[in-house]
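What follows is one structure encoded as structure tokens, with my remarks underneath.
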Amino acid sequence: MSLSKYAGMAGTWPMDLNSSNPDPKSFFSLETTDESVFDPDHRSLADVNDYADGGKYRAIVKLQMRYENQNLDDPAWAMGTGWLISPDTLVTAGHNVYNWSGGEDGLGRAVRIRCYVGYHGRDAIDSPIVQCRFAKTIVTTAEWLTSKDNRHRDVAFIQLDRPFEGNLRVFSYKSTPKVGDEMLGVVGYPADKSLIDKDGREEQGALMYEMFTDIQFNLEDKKNNPLQMLKYRISAFGGQSGAPVIRKNAQQVAIATHVYGSGDKNQASAIGRYGNDYDSLISVFTKTYPVVTSHKEMSLVNPQPTREARPMTPPLLKAPVFSSTSSIPVDRSRGAERSFNSNESSVNGVQAQGFFDVLKGVGSVVAAVGKRSVPFVSPLFGPAGGAVSAIAGAALSTMANACAEPTMEGISAESAVEGTAERAILAEASLQAVLKMERSPITDKILNHMETTYTSLAPNVEYIAPKLAPGLLSSAYKITVDRNFIQKEQTPDRLLPARPFPGDQAESSIDSNDFMDCMMAPTRPLEGEELFFDDFKRALLTGLRIGKPLLSDTAKHGLFRLNKALAESSFDAQFSIDNHDAQAAELVAKRAIMGEAALQAVMTLNKSELADLQLVNDHGDFHEQGFIDFVKTAGQKIGSVVKETVIPMSKTMVPIVLDVLAKTTPAPHTNSAPIEPSLAVPKLTVRRHRSVYSLVNDGTLKVSDRPQDGTVPVLQRVNSNGYLPVFQEL
């Protein structure tokens, strides 16, 4: 533990984006680094495809820095490397943003930083794969700002003036292990490697190099490693400072940041217990902390410490609209969610992410590419998104049923799954209709009900959702390929003439409400789904009467217990599921939960209110179908594939759930207090027709300014020959 009075504090300062600096005519590596190139030198030139859009090193950033103590007529820029953890946030070395070399005060603060992705020489600046951004705000450790001897605190974070675009494959990070023997690598822009440009000039650090080798390390060996830094014999040179240290087989997860050489080894500042609290430092961008003191015109603040870093992707620092190939933020700000105490109300995910932020995110899952609040590049989203979300909802409900304490010991898979698929289909169909509603007092009534229900009863699925990822990916692939959903989505719906449901109509009048009565009225079958239509009535009755609500105290308590059990069993374990797959699955799970909120809300309406609801199509015109008819059509579209998928999943899911719960002690059950809705009374103006989703998407419906986290790049294609397990074995 550091004894410095600055321990745990952060230093931050804004950059002047309007400042003028000379164009970079020459570059230099920083003298403080002393990195070593070992013989033999096994560094290899990175393939251009690796740092092009979607490449594994797309998130490696080339840095060019100017400092406050440089002469204004000095045309040279310093070189460094960084790595993106969100489209507008990167990690680098502390000495890249505040440098102690060059006189008593050193070069001082960075005043201008150019940040490039896809960089491969100044001749290629205009290449389509190259993007440039500028540093907007800097955060580093106060211990590094106050002493050049604090090399273990040499790390910094840069907020950009705007996000990079495209499929970035941003990095996650996790705590540096205390000991290890594994294949590690450093990827960056070394200054001892050069490129001759078209004018015959030599440019140092123009190209990206990588090197991996087997490394044994022990951070607890204070005798030989008093600063507890990660040491390795991986060749590096000035210009690579700030590069990520990554595992060979998990190249999007960094475990340290490369900063220095130390004679026979190079070294990196660690993450977590033995190094720096990344979560705490990053929070300075998004939270307002009182300034404790100032140091050389830099503000020093004391951010709240967090638990040890786990594989995660931190928040986007603004609410961007990217290109169709970019990334989607997923809530990863943990706050109270990190604390698994007996009080389960402390783990309500909505405390970390507002209702309308969630609605905005999940509403994008099935939106057209050009109309998403953020772009999606996952097979879980797009045309298959609605069906996949319903499958996730059925899976969550099955797990909640299996976790119900009174019946946990003897519950069967058949009992746990009963009604889950049918209710999830109705929930997803209801959500699709809600997102297309034109705003009106009835719409606000629905949204207020949804907000109250969601904020008080939404379960935390942080650790559950990643276990669903393999099965959801397999299901998505089967839907889009085997059933050709994409072609269906591009073809207008062909509805046959309305007809009554087969069977005894009196059966449906038992314990009915207005919503159920409207759903049971004569219905137009969707061409191609006639077989499901014949079973639609039974599906409606099963979903509404037998299917247990996913948003209830019982379901929340059961999933809380399961989430807690998974957290305790995997907190320090390696994730075998790609972190981005896990984030995608979490967003889909949240859409399923939001669908249940929509279903519960519309079930409170009377027939007159249901009839008055108007939907808006993608062109801004009123939809040809009313609310109820739209729900029926949407349900028919996804009904067959959801039911086909959920049943086999449940057979493997329930025993695994019970086994996980058997290893933990039950948590006490506390009822959730409802939270007052925050939706304002609508202001009626003369305008073109707008849907709920379009209003949420552009912020009209109170999307909060709270940032969202994480990105979801392209997920792997999975084998369609058979279903992967929906619930991954621990």
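The values are calculated or read from the model by the stated rules, or taken from the named source; none is laboratory data. All figures in this text were calculated on a predicted structure; none of them were measured in a lab. Ideal geometry is used to build each Cβ from the backbone, glycine not excepted, and the neighbour counts take in all protein chains shown.
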Next on the checklist: Of the residues D154, D123, D161, only one is more than 25 Å from the chain's Cα centre (by Cα) and either more than 30 Å from N218 (Cβ to Cβ) or among the hydroxyl-bearing types (S, T, Y) (or both); which?
Outcome noted: D123
Checklist entry - K222 versus (1) exposed (fewer than 15 other Cβ atoms within 10 Å of the Cβ); (2) closer than 28 Å to T137 by Cβ; (3) more than 30 Å from the chain's Cα centre (by Cα): which is the lone unmet condition? => result (2)
Checklist entry - How many residues, within segment 72-109, are of a type in the set (G, A, S) and assigned to a strand (DSSP E or B)? => result 6
Item to check | A476 being within 15 Å of A384 (Cβ to Cβ) and modelled with pLDDT of 70 or more | outcome: yes
Next on the checklist: Here's a check for you: in segment 153-187, which residue that is among the small types (G, A, S) and at pLDDT below 95 is nearest to H258 (Cα to Cα)?
Outcome noted: G185
Checklist entry - With R307, R332 as the choices, which residue is out of contact with any strand residue (DSSP E or B) (no Cβ under 6 Å at 6 or more places or on another chain), among the charged types (D, E, K, R) and modelled with pLDDT under 75? => result R307
Checklist entry - Which one of these is assigned to a loop (DSSP other than H, G, I, E, B) and of a type in the set (V, I, T): V170, V187? => result V170
Checklist outcome for this item: Residue count, segment 123-143, condition surrounded by 17 or more Cβ atoms within 10 Å (Cβ to Cβ) and touching a residue at least 60 places away in the same chain (Cβ under 8 Å), comes to 10
Item to check | Which listed residue, of Y274, Y278, is of a type in the set (S, T, Y) and surrounded by fewer than 22 Cβ atoms within 10 Å (Cβ to Cβ) | outcome: Y274
